[in-house]
Structure formats: C-alpha cells, structure tokens
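Step one of this worksheet: look at the structure below.
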Amino acid sequence: MRIGELSKRTGVSPRSLRYYEEQGLLTSSRSDAGQRHYSEAEVERVSLIRQLFDAGMSSRVIASVLPCVEIPSDPDIVEQAFETMTRERDRIDADIAHLIETRKALDVLIRINARHQAELAVTAEPTTRSA
C-alpha cells in the first residue's frame, strides 16, 4: 500500500510516517518511480509506534524497544526492552514528582498573591465622611 492509504488506515499523517521511516521505526520498499510502498504488517507497527509515543517515549527509545516485536523469542532482546520500558517509567515518575513540587510552589505563590489582593481591596475601600 502507498503512504496515503497507510495514513488513512492508521490516522497518522504522511509527514509522520516519513519521520518514522527516517528514524528507522518503519520500513518501506520503493517503486521504480520512488514511491513508498508498505506491507500490511506496517499497519500494526504504526499502531504500536503511536502507543509508544503516547506512553512518552522518544523515537530513540522506541527504536531500542522495537526489536522485541521483531524477534519476540530472543530472551536478551525481550529483557532489554523490559529494562528500557522500566527506565522510561522511572523517568516519567521523576517528571511527575517534579511537576507536583512545581505545582506546590505555584500554589504558595497563588495564596500569597490572593492575600495581597485582599489587603489591597481593604485599603482601597472608600472612607465615608460623617456630615
């Protein structure tokens, strides 16, 4: 199938499919006219690549995990993929912890600003004069 059909079947833009190929995540054959042609198996592969991107992995990490799909019976490759995914999960956990701390710091600043706004509102109230 040509790139347009693969794009329609997977919901991934042709530009992204070309990027996947540049990164070694996807392969195609070329016609005499230079058009890319993909096998039926590439539909599932693109779906897996999307899942891995959605899981927060970079194209470099995905390239290191994909051999597990290509050679699922090799215990060394399976173990390497497992270790890579575990490292990625640990990295994401660290990112989440950092974001939680950042949010806490922002919450402190918001509370300080809210108190400051309340103080300004009190001092800005007009004073009424008795006649």
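The values are calculated or read from the model by the stated rules, or taken from the named source; none is laboratory data. Treat the numbers as computed from the prediction; the structure is a model and nothing was measured. Here the Cβ is made from the backbone with ideal geometry for all residues, glycine too, and neighbour counts use every protein chain on show. The accessibility values were calculated without ligands, DNA or RNA, using every heavy atom of the protein model including side chains. Shrake-Rupley method; radii C 1.70, N 1.55, O 1.52, S 1.80 Å.
Annotations for the structure displayed:
- With Cα atoms, 0 to 90° folded angle of helix 41-54 axis to the chain main axis: 20
- Angle in degrees between helix 75-123 and the longest Cα principal axis of the chain, rounded to the nearest 10: 20
- Summarising the label geometry, the points placed 7 Å from Cα in the beta-carbon direction at Ser13 and Ala97 lie 3.6 nm from one another.
- Given R0 = 25 Å, the distance between the Cβ atoms of Leu48 and Lys104 translates into a calculated FRET efficiency of 0.10.
- Restricting the range 40-95 to GluC sites (Glu not before Pro) that sit in a DSSP loop and have at most 13 other Cβ atoms within 10 Å of their own Cβ leaves Glu40.
- Phi-derived couplings, Karplus 6.51 cos²θ - 1.76 cosθ + 1.60 at θ = phi - 60°, listed residue by residue for the range 8-14: 5, 6, 9, x, 9, 5, x Hz, with x used for Gly and Pro.
- More than 24 Å apart - percent of Cα-Cα pairs taken over the range 7-131: 55
- Expressed as a whole percent, the accessible area of the chain that falls on carbon and sulfur atoms is 55 (1.4 Å probe).
- Size of charge dipole - the chain - debye, nearest 20, with Cβ of Lys, Arg +1 and Asp, Glu -1, no other charges: 760
- Taken per residue, the accessible surface of the chain reaches 73 Å², heavy atoms only and a 1.4 Å probe.
- Look at where the Cα atoms of the range 72-105 and of the range 1-37 average out, and the two centres are 29 Å apart.
- For Arg2, distant residues with modelled amide H under 5 Å away: Tyr38
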